[in-house]
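For reference, the structure discussed in these notes is given below.
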Amino acid sequence: MADRLPAGPTREEVAAGTAVYDREWLTQYDSVVLDRICRRIWRCDSAEMLRLYERNIGERHLDLGPGTGYYLDACRHRSARPRIALVDLNPTVLAEAAERLRRFRPAVFERDVLSPFTLDGEQVDSVGMNFLLHCLPGGMPHKARVFDHARVHVVPGGRIFGSTVLGTGVPHSSEASRLLESLNEKRTFDNLDDSLDGLEAELSRRFSDYELTVRGSVALFEVSL
């Protein structure tokens, strides 16, 4: 008999990871998180994530948890008119990212990525999930369901990529450890038990062609379908 996962997180627990992203915080996000915290505390320069996007993004792209839309705004697209879809549970995030990316006229979907979700029939060439997994509750086996829910929207030969701050299996400075504890206590993050081995196990269970790279406290993953 197959092993069963424990009961999944509640909707309130899922919402907790995105609740902090109000309009005021989003105005500071690029400078505080993508610049200072990434570079000084997680020790993974945001340029690493930008290169991740530029290596993997397709002409039809889906972004899960798009934040401010910074990387989709900054990266070099393969087409002058890429088709972009944004998915998040937080309508403020969707509104702010869509406004930043308005030149692309992105489609927006308010969805819970830990449950199967629809895109009104849209299929994409790539899916990005940058700094998403560490905000999701429930442990890595539950979080990894996002890969299953994303891949059904990706055409053969497409790409899934992203990054996440891990709790174990990667180096942490004392400052990074303190911040991790604080963010988990506030429920902004839920990743103290997220390990590099656990992430790789979930990737290898699903995909035969993937790459996993560590930069400081951050794991970056790239999957070919």
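The values are calculated or read from the model by the stated rules, or taken from the named source; none is laboratory data. What you are looking at is a predicted structure, and each value in this text was computed from that prediction instead of being measured. Glycine also receives a Cβ, built like all others from the backbone with ideal geometry; neighbour counts cover every protein chain displayed. Ligands, DNA and RNA are stripped out before the accessible areas are found, and what is left, the full protein with its side chains, is counted by its heavy atoms. Shrake-Rupley method; radii C 1.70, N 1.55, O 1.52, S 1.80 Å.
Keeping every protein chain present and rolling a 1.4 Å probe, give me the accessible area per residue for the chain in Å². Before the final figure, lay out the partial values.
Numbers: 10790 Å² over 225 residues.
I get 48 Å² per residue for the chain.
Given springs between every Cα pair under 10 Å in a Gaussian network model of the chain, which of Ile41, Ile160, Ile57 has the largest fluctuation?
Ile41
Over the chain, what is the relative contact order in whole percent, taking alpha-carbon pairs under 8 Å and six or more residues apart? Mind showing how you got there, number by number?
Details: 420 pairs, mean separation 48.6, N = 225.
22 percent.
Rounded to the nearest 0.05, what FRET efficiency do Arg23 and Glu48 have when you use their Cβ-Cβ distance and R0 = 35 Å?
Values: r = 27 Å, r/R0 = 0.78.
That pair, Arg23 with Glu48, gives E of 0.80.
Among bridges DSSP assigns within region 82-218, what percent are antiparallel (round to 5)?
Working: 2 of 13 bridges.
Beta bridges within region 82-218, antiparallel portion: roughly 15 percent.
Treating each Cα of region 36-121 as an identical point scatterer and ignoring solvent, apply the Debye formula and state log10 I(q)/I(0) at q = 0.15, 0.24 Å⁻¹.
With one equal scatterer per Cα and no solvent, log10 I(q)/I(0) is -0.58, -1.22.
Say R0 is 30 Å: what FRET efficiency, to the nearest 0.05, do Arg39 and Thr168 get from their beta-carbon distance?
Values: r = 22 Å, r/R0 = 0.73.
That pair, Arg39 with Thr168, gives E of 0.85.
Could you tell me the calculated FRET efficiency between Asp197 and Ser177, based on Cβ-Cβ distance and R0 = 22 angstrom, to the nearest 0.05? Before the final figure, lay out each step's value.
Working: r = 19 Å, r/R0 = 0.86.
Using R0 = 22 Å, I get an efficiency of 0.70.
With each label point set 7 Å from Cα along the Cα-Cβ vector, what nm distance links Arg205 and Ser224?
That separation, rounded to one decimal, is 2.5 nm.
Considering only DSSP beta bridges where both residues belong to region 20-116, give the percentage that are antiparallel (nearest 5).
Details: 0 of 9 bridges.
Antiparallel bridges make up about 0 percent of those DSSP assigns within region 20-116.
Could you give the nm distance between label points at Asp73 and Val155, where each point is 7 Å from its Cα heading toward the beta carbon?
2.9
Which is the longest part of the chain that has none of the trypsin sites (Lys or Arg not before Pro) sitting in a DSSP loop with at most 12 other Cβ atoms within 10 Å?
Working: sites that count: Arg4, Arg76, Lys186.
My reading of the result: 77-185 is the longest stretch.
What's the carbon and sulfur percent of the chain's accessible surface, probe 1.4 angstrom, rounded to a whole number? Let's see the in-between values first.
Working: 5000 of 10790 Å².
Here carbon and sulfur together make up 46 percent of the probe-accessible area.
How would the chain be classified by its alpha-carbon gyration tensor: rounded, prolate or oblate, with rounded meaning a/c under 1.5 and the a/b versus b/c comparison settling the rest? Write out the running numbers ahead of the final one.
On the way: a/c = 1.31, a/b = 1.12, b/c = 1.17.
Here the chain falls in the rounded category.
So what is the orientation-averaged projected area of region 108-198, using the convex hull of its C-alpha atoms, in nm²? Can you show the working numbers first?
Details: hull surface 26.6 nm².
So the Cα hull casts an average projection of 6.6 nm².
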